[in-house]
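Below: one structure, written as structure tokens.
Please treat every number below as a calculation from the coordinates, not as lab data. Computed from a predicted model, the values in this text were never measured in an experiment. Because the Cβ atoms are built from the backbone with ideal geometry, glycine has one as well, and the counts that use them run over all protein chains shown.
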Amino acid sequence: MSSPQFDLVIVGCGLYGATVAQHYIEKNRRVLILEKRPHIGGNVYTESIDGIPIHRYGAHIFHTSNEKVWQYINRFATFNHFVNRPKVRYQDRLFSFPINLMTLYQLWGVQTPEDAKAKLESVQIPHPAPQNLEDWILAQVGDELYQIFIRGYTQKQWNRPPKNLPAFIIKRLPIRLTYDDNYFTDRFQGIPIGGYTPMIEKMIQGAQVQLNVDYLKDKPHYDSLAPHILFTGPIDAYFNTQFGPLAYRSLRFETQHLPIPDFQGNAVINYTDPTVPFTRIIEHKHFDQLGPEPLSPTTVITTEYPQDWTPKVEPYYPINDTENNALYQKYKALAQSEPKVHFGGRLAEYRYYDMHQVIASAMSWAQKQLQ
């Protein structure tokens, strides 16, 4: 019997797969990466238009307080110092975001933390034990801020009333009584200069990569190539959705290349009005631009439209409600019957991961395997 051609077959070339691949390659292991899409990088894939790195699948801003992860990822890219300071457009007004003292000044004229605290306390709608998103945020900021910043955007993003969503979704949103409008609180933030694709290319250098390959359509063949498989695709698809499909929300992107130097003056503007069908507009050059002058005489914008997920579109956000989490647990239990297969990453673990969390998880698994 001939020996396997590879030490590991990795299904999916997103951040999880690329991180594991890099660790294996560094230890002189033979790695085959199978990617269903026509490109590497998964959802962090970037491409250049007129010299502007374009985030094909929406904005990806790297942020972490994990120094080990930050040092690791900086081996493969030079990061700029981009800080995410989104704005909110509601009807005909623009607001600072996330909710901070400037937001409250724009809305109510309050100028000090004490005045802002008193104003918020006067509008809060207390709830003894808020379990859903709507009750939790009303208890924090009251109805006016909820209507302007939360209700419409959330309804569009998830296609269900905020009262039917778990509170943990909104608890990630900062509410500050200072003028700090940095969306994240992590020590390290930025975006790879030139985009994420060159970073991924460096991480997987030395692996054999096959694009436009559906592993599940020829699973016995690919399984025969290595003693271990890393699967980063949807766990329910691996098991032929035998318990039923897991639910996701998806996105549709409309990208325009405009013959003007600047469209909106900011990387991200959220549109929270429920009558506007999209959730945000991204202007890509502002992710890469640090000086006062535009990088290019043209600009590229992407408008994001949330949509229902079907097998023909990309799954983006797992709907981690009680029903779907219970369904995932059934697939997770079934995965124990596949000893040579490891299920890792956002789709395989049916959870929302920030990029640094994906990398940390992949690093941990790879290091244990390579001991």
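Numbers below:
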| read-out | value |
| --- | --- |
| Where only alpha carbons of the chain are counted, the Rg and the Dmax (Å) | 22.1, 78 |
| Acute angle (nearest 10 degrees) that the helix 15-26 long axis makes with the longest principal axis of the chain, alpha-carbon atoms | 40 degrees |
| Rg and Dmax of the range 253-334, Cα atoms only, in Å | 18.2, 55 |
| Distance histogram in 5 Å bins (all Cα pairs of the range 1-136, percent per bin) | 2, 7, 10, 12, 13, 12, 10, 9, 9, 7, 4, 3, 1, 1, 0, 0 |
| Cα-based Kirkwood hydrodynamic radius, the range 87-171, one decimal, Å | 13.4 Å |
| Filter on Lys156/Lys332; Lys219/Lys340; Lys219/Lys368; Lys217/Lys312; Lys36/Lys312 - keep pairs with C-alpha separation over 18 Å | Lys156/Lys332; Lys219/Lys368 |
| Euclidean distance between Cα centres, the range 163-204 to the range 99-121, Å | 24 Å |
| Diffusion coefficient, µm² s⁻¹, Stokes-Einstein with Kirkwood Rh over alpha-carbon pairs of the range 130-174 at 10 °C and 1.306 mPa s | 157 µm²/s |
| Kirkwood Rh and Cα Rg combined as Rg over Rh, evaluated for the range 224-371 | 1.09 |
| Pairwise label distance in nanometres, His39 with Asn182, each label 7 Å out on the Cα-Cβ vector | 3.0 nm |
| Within straight-line cross-link reach of Lys285, aspartates and glutamates at Cα separation under 19 Å, skipping those fewer than 8 residues along the same chain | Glu47, Asp50, Glu254, Asp262, Glu293, Glu304 |
| Two-decimal ratio, the range 155-271, of alpha-carbon radius of gyration to 2.2 N^0.38 Å | 1.56 |
| Alpha-carbon Debye profile of the range 292-332, log10 I(q)/I(0) at 0.20, 0.29 Å⁻¹ | -0.80, -1.07 |
| Contour minus Cα-Cα distance for Ser65 and Leu258 (0.36 nm per residue) | 65.8 nm |
| Pairwise Cα inverse-distance average, inverted: Kirkwood Rh of the range 145-199 (Å) | 14.2 Å |
| Dimensionless Rg over Rh [the range 45-124; C-alpha; Kirkwood] | 1.14 |
